[in-house]
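**Student:** The structure that follows is given in the form of structure tokens.
The values are calculated or read from the model by the stated rules, or taken from the named source; none is laboratory data. Not measured: the values here are computed from a predicted model. A quick note on method: Cβ atoms are made from the backbone with ideal geometry, for glycine too, and the neighbour counts reach across all protein chains shown.
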């Protein structure tokens with residue numbers, strides 16, 4: 001029955017292209033889940049990313065402690081935590097935990113910066129090496145660079161990520177100030193355009209994630225990838241990340257039983273799961289980009305290379 005239905009679809013000039021598209025992308029992605037061991041690779045990437053969090057926090061404290069007063073430091077940290085942790089209850093828990101140590105970091109800001117930079121360079125080097133290994137596997141790129149050149153690329157990516165973080169961090173306080181002014185004046189409420197406010201801030205957050213994925217897919221793997229494949233990979237990875245953020249936020253908001261059982265430890269569980277899922281979204285986005293490359297190659301050549 002199934003084979004008969006598939007043959008009927010393939011003979012229909014309207015349904016055949018749609019069925020071929022579904023079979024190529026969904027079927028191809030299903031096969032790659034097992035063949036490329038996506039969940040295992042995501043676990044390795046998540047561990048490397050988790051290791052990078054500690055030195056990154058030290059650097060943030062050092063930088064803001066050098067240039068800002070205590071009250072401003074609190075505001076900057078609050079904005080950063082709200083963006084990194086998209087769930088209000090757990091963001092508040094982290095703020096309370098961090099603010100208790102802000103003054104200590106201000107007193108030892110130079111030492112925190114040195115330790116953070118050294119730790120971040122080594123930890124991030126391992127993270128980008130893991131990303132490169134995964135992307136080379138997904139996009140079928142053979143690495144011909146020496147270990148020394150690859151390590152230099154890793155350090156360059158670290159500097160680029162820090163620069164991107166600084167640039168985006170300059171916009172976040174401005175967005176927060178605008179939101180605060182709007183809450184005070186009630187501009188959107190008077191015009192009944194609250195949804196525009198939510199759309200603007202949500203779109204800005206999505207754009208930050210999208211650009212970050214584009215940079216990684218563009219610069220991390222060995223070799224040049226087609227621009228459209230890079231954009232599709234980044235777009236799908238960002239969409240998966242955003243959808244999961246919304247669904248996981250709903251789940252956490254209603255997980256009253258978990259909060260009673262685990263208390264504050266539920267935050268650690270949420271962060272670990274979130275980092276792991278982000279790694280999965282990153283790999284699946286790359287797989288979709290590779291499937292696009294293969295489909296385009298099939299259309300331009302009668303020979304199919306699988």
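**Student:** Filter the stretch 203-246 for residues that are loosely packed, with under 14 Cβ neighbours inside 10 Å and either more than 16 Å from the chain's Cα centre (by Cα) or modelled with pLDDT under 75 (or both) and give the result.
**Tutor:** 223, 224, 226, 227, 228
**Student:** Just checking, does the stretch 251-264 include any residue being at pLDDT 70 or above, surrounded by fewer than 18 Cβ atoms within 10 Å (Cβ to Cβ) and either under 20 Å from the mean Cα position of the chain (by Cα) or in a helix (DSSP H, G or I) (or both)?
**Tutor:** No: zero hits.
**Student:** Would you point out the residue of the stretch 134-149, among those that are free of Cβ contacts under 8 Å to residues at least 24 places away in the same chain and part of a helix (DSSP H, G or I), that is farthest from residue 284 (Cα to Cα)?
**Tutor:** In this case the residue turns out to be 148.
**Student:** Also: Confirm whether residue 197 is at pLDDT below 70 and touching a helix residue (DSSP H, G or I) at 6+ places or on another chain (Cβ under 6 Å).
**Tutor:** yes
**Student:** If you go through the stretch 113-143 one residue at a time, how many are modelled with pLDDT of 75 or more and under 27 Å from residue 293 (Cα atoms)?
**Tutor:** Of the residues in the stretch 113-143, 16 are modelled with pLDDT of 75 or more and under 27 Å from residue 293 (Cα atoms).
**Student:** Take the stretch 113-124 and flag every residue that is within 15 Å of residue 53 (Cβ to Cβ) and touching a residue at least 12 places away in the same chain (Cβ under 8 Å).
**Tutor:** Across the stretch 113-124, the qualifying residues are 115, 116, 117, 119, 120, 121, 123, 124.
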